[in-house]
Structures are given as structure tokens and as C-alpha cells.
1. Out of residues 5 or more away from ASP157 or on other chains, whose amide H comes under 5 Å of its own, with H placed 1.01 Å from N in the peptide plane?
2. Figure the gain on full extension for LYS103 and GLN77 (residue separation times 0.36 nm, minus the Cα-Cα span) and round it to one decimal in nm.
3. Assign unit charges at the C-beta atoms only (+1 for Lys and Arg, -1 for Asp and Glu), then state the dipole size of the range 2-197 relative to its Cα centre in Debye, rounded to the nearest 20.
4. Please list the non-local residues whose amide H lies under 5 Å from the amide H of SER143, H modeled 1.01 Å from N, same-chain partners needing a gap of 5 or more.
5. In whole Hz, what ³J(HN,Hα) sequence does the range 186-200 give by Karplus (6.51, -1.76, 1.60; θ = phi - 60°), x for Gly and Pro?
6. Compare the Cα positions of PHE87, PHE155, ILE133 along the charge dipole of the range 45-180 (+1 at Cβ of Lys, Arg; -1 at Cβ of Asp, Glu; about the Cα centre) and return the one farthest towards the positive end.
7. Round to the nearest 10 and give me the degree value, 0 to 90, for the angle of helix 13-24's Cα axis relative to the longest principal axis of the chain.
8. If amide H atoms are built 1.01 Å from N in the plane of the peptide, which residues on other chains or at least 5 residues away come under 5 Å of the amide H of PHE4?
Amino acid sequence: MEVFRASGHWLSANDIYQIAQRLKKGEIAIFPTDSVYTITCAFGSNKGIERICKLMGKKPTQANLSIICSDYEMMSQFTLPFSTQIFRLMKNTLPGPFTFIMKANVRKFRGYENKRQTVGVRIPDEPFLLKVIQELGEPLVCSSLHSDDELMQYFTDPEEVEEKFNSMVDIFVEDGPGGLEPSTIIDCTGNEPQVLREGKGKL
């Protein structure tokens, strides 16, 4: 594992370029977000997805992975068209600690073992991460980094993350302690948006 040290949510342009190039080659990474740590790979990396699923103890057909996009234009390529009401809700909350469950553009997920009809989409308020995705040119596939600790649901200590995943993950961006509260999940597949999980994001 190579550790990149962020400063105030920013990385150098060279670090961002290096990380994006390595993700393109199928490497996997742990990044801080505006909610909890996430384990990620490039959207088009089947090898990366398989590695993440193995770490999660799930088969690719069972894994319910979300995607992180850099902006609305990228997001719209992976979802079906959505209403003005939902767009306004997104404009009021993104970038931010929200996951929107949307109807998926199934053509974009044809190579996936898990045939997606819906997809969780994020645009987090994490500047370096959005820059990495812009450099990469495609979304990141992601899952929250859950802890085995009975009291702590998510990893928060950077040193613990390094120790635990040193031989399993290729890249770790460290920017202080990770968050404890996950994103708020909003289901936008029905007639009205519905909050499925109250998290860090407040409406």
C-alpha cells in the first residue's frame, strides 16, 4: 500500500494524476469522503471490483456497490432521466453526504455480473476525490469501509486502516480521522423521493 497525505482535503496535481493512472490499471484504493472511509476502484475495472467484493466477503453478483461521480453530467450517463423535482433536490444537497438511489442506465452496466436496475450515486463534498474522478474520466465504484469492531461500525483511525489493509489495498489517501456517520440514502426510483437511511446529510 502506498499512502498519500492530503492536506485540508487537497492533493497535489501530480498525486491526483498518479492515483488516477493507477486506478486505470485496476488498482484499488481507500479514500476519505465527507461521510465515512470508502474502498474504491475504477468503474471499468472488473479486476478491481472482484478484489473489493472479496474484501467484503461477497460475490460480485451480490455486491450492492454505489458509484461516485464528479458532477451531474457524469451522473446522467449512468442513470435514466429523472424529474425536475429530483434535480432540484440534488442541487440543494450535492456535493454532500448523500447517496441517491436512481434507476440505472442498464447499458452502462452490461459488463457487470450484478445486473443493475438501480444504482446508488454520490457526489461527495471532497475536493481531491472529485479531482481524481475528473482525471480518471469515469466514476469510482465504492463501498463504505466497515469495521469489525462491535462499537465502531466504520474505520476512523488512519493508522488502523494502514495496518489492517496494508497488504490488501494499493492506495490509501490519509487526511486525518475518518467520519463515523454514513451518507443519507434517498430512494428516487418511485413517484416521490423517500429517505431510506438518515445519515450525515440533513435535508
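1. GLY178
2. Values: separation 26, 0.36 × 26 = 9.36 nm, distance 1.15 nm.
Separation in residues times 0.36 nm, less the Cα-Cα distance, equals 8.2 nm.
3. 1280
4. HN-HN under 5 Å from SER143: ILE39.
5. After applying 6.51 cos²θ - 1.76 cosθ + 1.60, I find 10, 7, 10, 8, x, 5, 10, x, 9, 6, 8, 8, 6, x, 5 Hz.
6. PHE87
7. 70
8. For PHE4, the qualifying residues are PHE172, VAL173, GLU174.
Read the figures in this text as sums done on the coordinates, not as results from a lab. Remember, it's a predicted structure, so these values are computed and weren't measured experimentally. Glycine gets a Cβ as well: all are built from the backbone with ideal geometry, and neighbour counts include every protein chain shown.
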